[in-house]
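Below is one structure; the comments refer to it alone.
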Amino acid sequence: MKKAIHAVLLLGILFSITTANGQIAMQDWRIHFSVFSGQGIAETNDNIFLACSNGVIRYDLEDNSVNELTVTNGLSDLGITSIAADESTAIVGYVSGNLDVIEGNTITNVPWIEKAEISGDKTIHNFCFDENYIYVATGIGLILFDNDKKEIKDTYYPYEDPVVFDVAIYNDTLFAATDQGIYYAPKDRPFLNDQNQWEKKDDFPAAVVNGNFTKIEPFGGRIFYGYDDEIFNADTIYYESNGVLSKLDETVNINAIYGDDDRLILSLFSTVKVLDTDLNEIQTIFDYPDGTPLPEAALYHDDRYWIADKRHGLVKAANSWSADFIFSNTPAFDGSYRMDIQFGKVLVAGGGLTQNLQNNYFRNGVYLFEDEEWTNYNYATDDLIGYDLDWDFVCAAVNQGNTDEFAFSSFSQGGLKIVKDGVGIDEVYTASNSLIEANAGRMIIPDMKYDDEGNLWFINQGLNPLKVLTPDGQMYSYSLEALSNNKYPYRLLIDNDGNKWVAVTNVGLVAFNENGTLDDPSDDQVRTLRAAEGFGNLPSVFVKGLAQDADGEIWIGTEEGLVILYSRNGLYEGGFGEYDASPILLEVDGEVERLLGDTYITAIAIDGGNRKWIGTSSSGVFCFSEDGSEEVYRFNVDNSPLISNNVLDIKVDQLSGEVYFATEKGLVSFRSDATLADREFSNVRVFPNPVYPDFSGPITIQGLGYESDVKVTDISGNLIYKTVSNGGTVIWDGKNLQGERVQSGVYLVWSGITYDKGKNVAKILFIN
C-alpha cells in the first residue's frame, strides 16, 4: 500500500491565544462543546482523555491541568465516536471514518478510511492496540493500522459487508464483535482479508448467536462478550473460560466493559460496578455528592475510577460516596437553536425543531455564557423546569436595560420562564395564569425580544400571536389582523422606531406598531408584506431571518432568497408598491443576478461595522460588506471550524466582535474584526499589549469611533500606520508603512477626532 500522507500539528504552537480578559484572539475560532456528551475515556501514562462529540478533554495527571482539543487547535474533524490509548499514544475515531493520533504534543491526522472509495457507514467504533499496530473496528470491516508508518496496512472482512463494533486479542486470537455475532481467527493467519479465514462462534444461545454484539474484552483468563438487545433493552454479558460459555448476571444498558490486571469495570445505566478476578463485586459507584451517575465508560488509574459521565463530564471517584468533577465549565448539551447577546452576556436556547416546525423533544434547556463561565438551566438544575413539561427550548432574550433579567421559553407545555436576578427562575407564565394561548396542550413561543423600556415582546401561536409582558407583570395581546390568526409566527424583530416585525409562516411578514399605548388598540397599525409585487415583493412567504442595520434598513431572509426594505416611510399608509422590498442586484459575468439567488436563508445579524452575517440551511455562513456588494467572509465545514452548514441562528457580541453561530451540532464562534463604535473613546482596548517578540498575529484596537480615521505614530509623532476603523475596531499587523516590523518602543494610537486635539487614545508597547 502506498505510504499515507498525513498532516502533523504541534499542540504547543496551535493552542488559541487568549487575551487577559479571556477573549480569543482576532480571527480565531472556538467551539463551545459540551463535556457531558462523553463518547469514551482512555489513559496514557501521563494523561486521561475524555472524548466528547465535538472535542477531547486532556487531563494531565502530573499537574492537574485541563486542555481542550478541538478542530481549532489540532483535531481534524467533528463527530467523535471512539477513543483508545496505550502507554504513550491516544487515537481518536470519528463518524466519518477519520482518525487522529495523539502522541505527546503532536496530533497526526490519518484520513484514508474517510477518503477511501468504499460505500457504507465508515464510523469508527473501537480500537485494539497490538504493539505498533492498532486494529480499528469500523462500519465497513476490521482495519489494521500501522502506527509507526501512519498507514492503513490491510482490511479484514469476517463476512460480506461486516459491521464491526469492537475488537480484542485473546490467546493470540483476534476476536471481532459484529452485528451478526462473534467472529474469530488466529491473529497471525495470512489472508485475513478473505472471509473464509474467519470462523463464527456458534455456542451462544440460538436467540443471540446471530445478533448484535457491540463489546468484547479479555480479563482474568476469560473473554467477555457484550450482547446489545435493542428491542427489549436487555443487554447481556457472556464470558468464556477454558472453552466454557457462561452468562454474567447483568441485563440492562451495558455501556462499556473495561478490564485491567485485577478488576473488571462495568459501566451500566446509572452505576459503575467493579468485579475482581473471581467475578465477585468489590465496588459499586451508584451515587455522587449531587446526583446519580450516568456513566458512558470508566477505567481505573492511580487508585481512582475515572468516569466519562453523560451529566457530569469527567469524574474522578474513589468510591460510591467520594467523587470530584474535573471539568464542567461548558454548556450542558451540544444542541443550540436561538440566541441573544447583550453587553457580553450570551444566552443560548438549546432545543430544536424540525424544518417543518415540529418537535425534536430535546431536553437541553438553556445555557448562559458570561465572563468565560457557563451556567446551565435545565430539568436537573432548576425545579421550575420540568422534564415532562419543558422540551425544545427555542428562544431566549436578555433585557438590555438590566442584563440580570432574561427570559426563555420552550415549544412545549412549560410556558414562559423569567430570571430576574441572574440566578434562578423567578416567574413562570402559562395559559393558566396569563394571556398565553395553548395549542393541543403546548404553549408555542418561537421568539422573543426586550424593547428599550424593558417590555418583553413574544410571539405565541394562537388567535393573538403577538404579546407583551411589562416590567410590572401586566400582559397584553394583539391579533395582527385576521390574516395571521392561528398561523405559525416564527421570527420577531423590534426596529429602532418601535415597529414589531413578525414572520408568519405561509403568510409573510407582518409589521405592527402599538404607538406607545399598550392597552389601547385604537391607534394600532398593521401592515402585511407578502410574496407578490406591489404587496411587499417577498421572495417567499416563509420568512426565516430578520435584522435591522445601522442605516435603518430591514434585511429579510426567506426560504427563497434575500431582500431589503430600504424605507419604511408610508409603511402603514402606503398604497400599491410603496412598501415593496428589493433584492440586491449584482453583475456577474455580464449577467445581473440577485445576491445569494434563491438560497434558503436561516438567520441574519449585523456587526459593529454594519456588515451582514447571513446564515443558510446548507451553505454555511456569508459575511457581506455594508451594502452587500462585497463578500468579506464565507465559512463552511470544508474551509473553517464551522461545525455544520445548517446555521440556525447568528448573533454578534458587539463589545468584542465575536460572532456566534448556533447549529444543530453545537455552538461555535469566530472573533471578527468589527465592534460597535464608541464616540467617547471611554474604553479603548489594545491586545496583546505589550507585544512580545514571539507574537506575529494581529494587534487589535477596540473602542474607537465608527469608521474613524486611525493613525499609529511613534513617540516623536512620525506616522507608522494608518487605516479606517471597522465599526469601532482596527487590526494592525505591527508593521510600518514599508512593511517592516516596528522596533521596540512605545507607539501612540490617534483617531480622526483626537488627532487635531493632540490627544492619543491608546499606547502600545513593543518589546523585540
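If you go through the range 686-719 and pick out every residue that is among the hydroxyl-bearing types (Ser, Thr, Tyr), free of Cβ contacts under 8 Å to residues at least 40 places away in the same chain and within 19 Å of residue 27 (Cα to Cα), you end up with 1. Checked against (1) at pLDDT 95 or above; (2) farther than 16 Å from residue 666 by Cβ; (3) crowded, with 20+ Cβ neighbours inside 10 Å, residue 410 passes all but condition (1).
Considering the range 78-97, the residues that are on the phi < 0 side of the Ramachandran plot and not in a strand (DSSP E or B) include one that is surrounded by the most Cβ atoms within 10 Å (Cβ to Cβ), namely 78. The residue of the range 651-687 that is nearest to residue 641 (Cα to Cα), among those that are among the β-branched types (Val, Ile, Thr) and touching a Gly at 6+ places or on another chain (Cβ under 7 Å), is 675. Within the range 500-557, restricting attention to residues that are in contact (Cβ under 8 Å) with a residue 24 or more places away in the chain and of a type in the set (S, T, N, Q), the residue that is surrounded by the fewest Cβ atoms within 10 Å (Cβ to Cβ) is 506. Only residues that are surrounded by 14 or more Cβ atoms within 10 Å (Cβ to Cβ) and within 14 Å of residue 94 (Cα to Cα) were counted in the range 109-135, giving 12. Taking strands (runs of 3 or more DSSP E) as the structural unit, those lying wholly within the range 671-730 and holding at least 1 residues that are within 16 Å of residue 654 (Cβ to Cβ) correspond to 685-687, 699-702. The single condition from (1) in a strand (DSSP E or B); (2) small (Gly, Ala, Ser); (3) surrounded by fewer than 19 Cβ atoms within 10 Å (Cβ to Cβ) that residue 380 fails is (1). Number of residues in the range 34-53 that are under 19 Å from the mean Cα position of the chain (by Cα) and assigned to a loop (DSSP other than H, G, I, E, B): the value is 5. Pairs meeting the criteria (first residue in the range 119-131 and of a type in the set (A, V, I, L, M), second residue part of a strand (DSSP E or B), beta carbons under 7 Å, at least 6 apart or on different chains) are 124/81; 124/82; 124/93; 124/94; 124/99; 124/136; 124/138.
For the range 375-396, give me the residue count where each residue is free of Cβ contacts under 8 Å to residues at least 60 places away in the same chain and in contact with a strand residue (DSSP E or B) (Cβ under 7 Å, 6 or more places away or on another chain).
Start the filter on the range 375-396 by keeping residues that are free of Cβ contacts under 8 Å to residues at least 60 places away in the same chain, which leaves 375-379, 381-394, 396.
From what is left, the residues that are in contact with a strand residue (DSSP E or B) (Cβ under 7 Å, 6 or more places away or on another chain) are 375-377, 382, 384-385, 389-394, 396.
Summing the residues that are free of Cβ contacts under 8 Å to residues at least 60 places away in the same chain and in contact with a strand residue (DSSP E or B) (Cβ under 7 Å, 6 or more places away or on another chain) in the range 375-396 gives 13.
Restricting to the range 285-328, count the residues that are part of a strand (DSSP E or B), hydroxyl-bearing (Ser, Thr, Tyr) and within 17 Å of residue 263 (Cα to Cα).
Start the filter on the range 285-328 by keeping residues that are part of a strand (DSSP E or B), which leaves 285, 288, 291, 295-301, 304-309, 313-319, 322-327.
Cutting the leftovers down to hydroxyl-bearing (Ser, Thr, Tyr) gives us 288, 300, 305, 322.
Within this subset, residues satisfying the condition of being within 17 Å of residue 263 (Cα to Cα) are 300, 305.
Qualifying residue count for the region: 2.
The values are calculated or read from the model by the stated rules, or taken from the named source; none is laboratory data. Note that the structure is a prediction, hence the values are computed from the model and not measured. Ideal geometry is used to build each Cβ from the backbone, glycine not excepted, and the neighbour counts take in all protein chains shown.
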